[in-house]
Amino acid sequence: MCDILGYPSPSQTHNRQTRKRRPDRSVETGAERTPKRARLTTENLKAFEKMGGQGKKSAGKKSTGRSSSTTTTTDEDLGPQRHTPKSKSSYSDTKSTRSKQTTSTTDPAFPDIAFQNGILNPMCSKPPVNLKSRQERIDRSRSTASPSESDYRHFASAIRRAPNEASVLVETATHLLKRYDDPGYQRSYNQAFTNFPKNVGFNNDLSAAQPDMVEGLDMPEFDPFPVREQLGGAATVYSGPQATTLPHLAGEWKGPGKDMILAQTQAGYDGACMVYGRNEARSFLESPDPAGHAFISTFTTDGTTLNIFDHYSSESQGQVKYHQYPTSNSFLISTYEDFKKSRRQLRNLEDDAKVASEKLRDELNEKWSANHRSPVSPNVPAKAVDSADSNNYDYDDEEDPNNQLLAEYWTSFPTNDQYDSSVQISATDNVYAPPSASFQEINQDESFVQIPASSYAVFPANDEDDPFIQVSTANNGYASPNGLTFPLVTPPQSSEDTSLPLESSEDIGQSNGRGHKRTRRIRKPVVIVDARKTRRKYEG
């Protein structure tokens, strides 16, 4: 008799009870026991391989007509499933997984991916509409002095012995680029656009652009416009309170003997980022750039040549294309004249980029200020008016016409102030007057004596036919209901008429009931009273 391991078991000749151990059950309880996991050793692996081989052989010997409650899966069964074409969902999952791994701008596959995303190379780009004007601008003469021949010889010698890209960058930046005294306009070197939005089309599956040099305004220059909150990383391309914002110029350098085609593609990527940021700003202004016009520039150099490109975007069949068209190509160290020309073009390019950046900044700041202008406080003092305009009857649009009527009403009343008499009438003619009125008598020496009117004066009712005197009975809240008013009509003068003009009173704009402040002094009208006609009318 053999046990489960195949070894011979001793004969049971004694009466002592023996128990046979079953590997799948507990000795004490008889319950099924969870099988132990085999250790991962070389011997176990070999045993597992042998078990798999036996399964294949036994499976192959099975007849199709024999059924079994258990099914054995072999590599032959899995084989056809591995070669089954993937569904669309599985393909998209694989693609999304790959998209998480972006391609660097130094990768050999970068030019192909950039072109597929819509960043056109110079051969496929179309010239901008304003190409001629931009070429003329970078070729224009400068008012500053040209570099000397000794400067050229020093630069050419340094470039010829430059061992790497960093050496070329230092020499070209020192001898070619312009230094601005404006503290708000600076250049940054080798700074990645880490804040730029990802997967906007042209940068799908690509790492952030990282130009060797970029020039632009600092973020604090955009005040009061909150550029980071409104435009995001498309404008402020990296973090920091002094981040370069909405740049219009970038440069790419290469060392001696390096790939200038790769530098060209990297410049195309830099230009597309700057074009995208400018388009976002113009969209906020609701004033896009004219179609096909370029305002963004890049350049590439290895110290011996200088290549300048213009950048703009266009849309075709629902896809945005980013153009990179060559504007100028020149040599740097071949001759002294070539050196001066290249230096002049590059500095003109910098000036144009600075002007475009500042103009865009001003438009954004002005629009934001106009949309968020606070109302004028009522405590703001009114502007002083020139005395030459004090007699002008052309009133401002904001002036309340009721103020004019109120002024006429108040100036029609005489006062008891001997220094500010409103009506002066000769004492030789007797007229009816209100109780609050006073008159001044002309003495022989032509001086005036103020005489109060009698308290028992009688006022007749209004006579609409008499344009010279009317009694107002309306209570408007500003004066007595019995106030005397005179129309602003000047009758023809005669030798017998006794008329005197009203004296000017102080500006009443400070005290009118509506609280409006006067912005213009009003010339007080002249009121003429025909005393003789008044006496005849009411005596008869």
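The values are calculated or read from the model by the stated rules, or taken from the named source; none is laboratory data. As the structure is a prediction and not an experimental result, all values here were calculated from the model. Glycine also receives a Cβ, built like all others from the backbone with ideal geometry; neighbour counts cover every protein chain displayed.
Residues in segment 252-260: is at least one under 27 Å from VAL170 (Cβ atoms), out of contact with any Cys (no Cβ under 9 Å at 6 or more places or on another chain) and either assigned to a helix (DSSP H, G or I) or not assigned by TED's automatic domain parsing to the domain that holds ARG160 (or both)?
There is at least one residue in segment 252-260 that is under 27 Å from VAL170 (Cβ atoms), out of contact with any Cys (no Cβ under 9 Å at 6 or more places or on another chain) and either assigned to a helix (DSSP H, G or I) or not assigned by TED's automatic domain parsing to the domain that holds ARG160 (or both).
Could you give every pair whose Cβ atoms fall below 6 Å, whose first residue belongs to segment 150-161 and is under 11 Å from THR304 (Cα atoms) and outside the structural domain of PRO256 (by TED's automatic domain parsing), and whose second residue is outside any loop (DSSP other than H, G, I, E, B) and at pLDDT below 95, counting only separations of at least 6 or pairs across chains?
Listed pairs, sorted by first residue: none to list.
For SER89, state whether it is in a helix (DSSP H, G or I), polar (S, T, N, Q) and at pLDDT 95 or above.
Values: in a helix (DSSP H, G or I): yes; polar (S, T, N, Q): yes; at pLDDT 95 or above: no.
Answer is no for this residue.
Confirm whether TYR312 is within 25 Å of LEU177 (Cα to Cα) and crowded, with 24+ Cβ neighbours inside 10 Å.
For TYR312, the condition - within 25 Å of LEU177 (Cα to Cα) and crowded, with 24+ Cβ neighbours inside 10 Å - is met.
How many residues, within segment 135-174, are in contact with a strand residue (DSSP E or B) (Cβ under 6 Å, 6 or more places away or on another chain) and of a type in the set (D, E, K, R)?
Number of matching residues: 1.
Consider segment 327-363. How many of its residues are surrounded by fewer than 16 Cβ atoms within 10 Å (Cβ to Cβ) and more than 30 Å from SER148 (Cβ to Cβ)?
Of the residues in segment 327-363, 2 are surrounded by fewer than 16 Cβ atoms within 10 Å (Cβ to Cβ) and more than 30 Å from SER148 (Cβ to Cβ).
I need the full set of residues from segment 141-184 which are in contact with a Ser or Thr (Cβ under 7 Å, 6 or more places away or on another chain) and either more than 18 Å from LEU349 (Cα to Cα) or among the small types (Gly, Ala, Ser) (or both), in order please.
ILE159
Would you mind stating whether GLU215 is exposed (fewer than 14 other Cβ atoms within 10 Å of the Cβ), modelled with pLDDT of 95 or more and either part of a loop (DSSP other than H, G, I, E, B) or assigned by TED's automatic domain parsing to the domain that holds THR304 (or both)?
no
Of all residues in segment 167-182, how many are free of Cβ contacts under 8 Å to residues at least 60 places away in the same chain and assigned to a helix (DSSP H, G or I)?
Number satisfying all stated conditions: 3.
Let me confirm something: among ASP352, ASP310, ASP362, which residue is among the acidic types (Asp, Glu), farther than 16 Å from GLU252 by Cα and in contact with a helix residue (DSSP H, G or I) (Cβ under 8 Å, 6 or more places away or on another chain)?
ASP352
Kindly indicate whether THR265 is touching a Leu at 6+ places or on another chain (Cβ under 8 Å) and of a type in the set (S, T, N, Q). Full working, then the answer.
On the way: touching a Leu at 6+ places or on another chain (Cβ under 8 Å): no; of a type in the set (S, T, N, Q): yes.
Answer is no for this residue.
If I ask for residues that are exposed (fewer than 15 other Cβ atoms within 10 Å of the Cβ), in a loop (DSSP other than H, G, I, E, B) and hydroxyl-bearing (Ser, Thr, Tyr), which ones from segment 121-144 would you list?
Of everything in segment 121-144, those that are exposed (fewer than 15 other Cβ atoms within 10 Å of the Cβ), in a loop (DSSP other than H, G, I, E, B) and hydroxyl-bearing (Ser, Thr, Tyr) turn out to be SER141, SER143, THR144.
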